[in-house]
Amino acid sequence: MAGYSASAALGVLLLFCCSTWAAATDYTVGDSTGWANGVDYSKWTTGKTFVTGDTLTFNYNAGIHTVDQVSATDYSSCSASNALSTDSSGQTTVTLSKADTYYFICGVAGHCSNGMKVAVPVTASSTSSPSPPSSSTPTPPSAGTTPSTTTPSTNKSSPRTVSLPYVVTLTGLMLLKLVLL
Ligand SMILES: [Cu+2]
């Protein structure tokens, strides 16, 4: 009996996780070149649209370079002495959580002026306000005994409007019903 409620809770959790799922992109800085000297990272950012929730991954040899997040001023002057964060692990992943411009430089002397600097403009993700809270409430399985009243047969002209959250909700309810039987 306790197993049933646990499975039901899992089903509900699944519903919530899937209906709020949104794709975030992970960008590898410099692509196959990675984080290195002599690369023009302004070329790498050109044409890319970074939105909140995306991540940046810097790949480099541990101890040879660093990834320092700095202010716009320190970015311009290649100064790493007031870095907001620094890492030299060899792989640095940064989540772009704010709609702001992120500035990164290498803190090793001479590397920033040799090209190891990148400015990443981040805009707010358009998928941050997707669903009205009231309409997404799933109907409990016990109340679904009278389905004939909610199916209008005249509305067959638009079968393509069935949205993903609807399908996910339906699947979740079927799963719940299976578990409860
Ligand atoms: Cu470096």
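Quick notes
- Selection count where residues are in contact (Cβ under 8 Å) with a residue 60 or more places away in the chain and buried (at least 19 other Cβ atoms within 10 Å of the Cβ), scope the stretch 42-98: 3
- Subset of the stretch 99-117 (residues that are in contact with a strand residue (DSSP E or B) (Cβ under 9 Å, 6 or more places away or on another chain) and either in a loop (DSSP other than H, G, I, E, B) or open to solvent by less than 30 Å² (accessible area, probe 1.4 Å) (or both)): Ala99, Asp100, Tyr102, Phe104, Ile105, Cys106, Gly107, Val108, His111, Cys112, Met116
The values are calculated or read from the model by the stated rules, or taken from the named source; none is laboratory data. Everything quoted here is computed from the prediction, not taken from an experiment. Please note: Cβ atoms are built from the backbone with ideal geometry, for glycine as well, and neighbour counts cover all protein chains shown. Accessible surface areas use protein heavy atoms only, side chains included; no ligands, DNA or RNA. Shrake-Rupley method; radii C 1.70, N 1.55, O 1.52, S 1.80 Å.
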